[in-house]
1. Those residues that are open to solvent by less than 60 Å² (accessible area, probe 1.4 Å), among the aliphatic types (A, V, I, L, M) and more than 19 Å from Arg235 (Cα to Cα), I need them from segment 55-80; list them, please.
2. If the Cβ limit is 8 Å and pairs must be 6+ apart or interchain, which residue in segment 8-23 that is farther than 17 Å from Ala231 by Cα pairs with which residue that is part of a helix (DSSP H, G or I) and at pLDDT below 95?
3. Restricting the first residue to segment 55-77 and requiring it to be of a type outside the set (A, V, I, L, M), which pairs with a second residue that is surrounded by fewer than 14 Cβ atoms within 10 Å (Cβ to Cβ) and part of a helix (DSSP H, G or I) meet a Cβ separation below 8 Å and a spacing of at least six or different chains?
4. Residue pairs, Cβ under 6 Å, 6 or more apart or interchain, first in segment 152-169 and in contact (Cβ under 8 Å) with a residue 60 or more places away in the chain and under 26 Å from Glu230 (Cβ atoms), second among the aromatic types (Phe, Trp, Tyr) and surrounded by fewer than 22 Cβ atoms within 10 Å (Cβ to Cβ). List them.
5. Looking at segment 224-336, what helices (runs of 4 or more DSSP H) fall wholly within it and have at least 2 residues that are over 21 Å from Thr31 (Cα atoms) and open to solvent by less than 40 Å² (accessible area, probe 1.4 Å)?
6. Could you check segment 146-180 and list, in sequence order, the residues that are within 17 Å of the chain's Cα centre (by Cα), among the β-branched types (Val, Ile, Thr) and not in a helix (DSSP H, G or I)?
7. Yes or no: Glu123 more than 29 Å from Val280 (Cα to Cα), surrounded by fewer than 18 Cβ atoms within 10 Å (Cβ to Cβ) and in contact with a Leu (Cβ under 9 Å, 6 or more places away or on another chain)?
8. Take Phe46 and decide whether it is under 20 Å from His283 (Cβ atoms), open to solvent by 20 Å² or more (accessible area, probe 1.4 Å) and of a type outside the set (Ser, Thr, Tyr).
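The values are calculated or read from the model by the stated rules, or taken from the named source; none is laboratory data. Please read these numbers as outputs of a predicted model, since none were measured by experiment. Glycine gets a Cβ as well: all are built from the backbone with ideal geometry, and neighbour counts include every protein chain shown. Protein only, heavy atoms only, side chains kept; ligands, DNA and RNA dropped before computing areas. Shrake-Rupley method; radii C 1.70, N 1.55, O 1.52, S 1.80 Å.
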Amino acid sequence: MPSERERAKAAPAAARRTANCLRKLERMRKTLRHEEPDRVPVADFFWGSFVERWRRELGLPADADPLRHYDLDWTVVTPNMDPWIRPFELLKETPDEVVVRTGFGAVMHKRFAYPMAEMRGWETDTFAKLEGAEFDDPRDRRRFHSAGDNHLAGVGDGYQRDTPAWLGTVDVLRPDFPVYGGVIEPNECLTRLVGQENAMLWMGEEPERMGAVVDRIGAFYLEVAAAEIEAAAGRLDGLVVWGDVAYKRGTFMSPRYWRRYFGPWLRRMTELAHAHGLPVIYHSCGNVRALLADFIDMRVDVVNPLEVKAGLDAIELRREFGHRIGFSGNSDIRVWEGGDPGVIRREVLRKLNAAKGGGYIFQSDHSVTSAVAGRTYDAIVKLVREFGTYPLALGEFDEPADGPAGPR
């Protein structure tokens, strides 16, 4: 069987979509219109170390992947977001670890025995360097049309050099899956460009000057998003905006500061996507409750991942906000990691209450970690497929999830 890389190289520029893909696309569209389709969509983001464990425990081939194995309902492919498009600079390599400098200027240390990489330093390590930084062309064709190293795809929960061309990967997936593009917003950039600690420190010390930097970065990635949509030429079914503006207790910056500097760029990205008929899923870890009304005002279609560990509950949010915004995620990954079938069943079926009336995509409340057993995830997908068929019949786990309808 050819690898994803081989299929990406061989894929035609405009592959026809299967009937099954079109059913999934209609399922997603109805869900995002807050209508009840045939069943609740299910998808997820998977750590590479989970995929290895899943293959091993289920006795699957070395090239098996959960997306195709479970015929999941949507996927996202993000092009090269690096401010500076360049190969990784290899600083250290042994059989056990690797240290590279990426196109964000971030020094990344990846120990292969550990699930995630560590940021160890940044080229842009002073505020003066940040203010003076000049990025490569946001419309550089290499972001979309060329294979090469890039930070988001290359070093994190896995390690990969020479990532296949973005558009080729879209063409590989598009016949079988609804495919969303991806773009980062300013805070996601700053985390990699200067580190979260520096970003927050400089916001506090120089709020207006830092705000001007945020505006410059926002304009850059808005242009990346526009170029991405143009390069896709109708191939995309939606857009994910990666933000990560919060932690367990609230936002990294005050909601007021977010509204002044960060929020306008999410609004413009959402308006851009909607102008091209693309729904928007906004991803931010942590507790974003303070911003949900803003997301609704911006007409963001879906917020993800709604971390339970940050105090968020999709059913409570549905009661509060009704069907003015969609939800994706919120199934407690800690319960999945625990592996208790009874507790998992309660978690899955209870969260399906948020899908009443549509507007909910079943996923974990962040991503599927290496602490989740392969058979546990297998059982979870089967539960969602069995009990997520409309009309929902959740038995003892049925709860009211009504809230104000409100305009969309």
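1. Once the filter is applied, which keeps residues that are open to solvent by less than 60 Å² (accessible area, probe 1.4 Å), among the aliphatic types (A, V, I, L, M) and more than 19 Å from Arg235 (Cα to Cα), segment 55-80 yields Leu58, Leu60, Ala64.
2. none
3. Pairs that qualify, where the first residue is of a type outside the set (A, V, I, L, M) and the partner is surrounded by fewer than 14 Cβ atoms within 10 Å (Cβ to Cβ) and part of a helix (DSSP H, G or I), are Glu57/Arg375; Asp71/Asn20.
4. From residues that are in contact (Cβ under 8 Å) with a residue 60 or more places away in the chain and under 26 Å from Glu230 (Cβ atoms), the pairs are Trp166/Phe144; Leu167/Phe144.
5. 263-275
6. Val155, Val179
7. yes
8. When the stated conditions are applied, Phe46 passes them.
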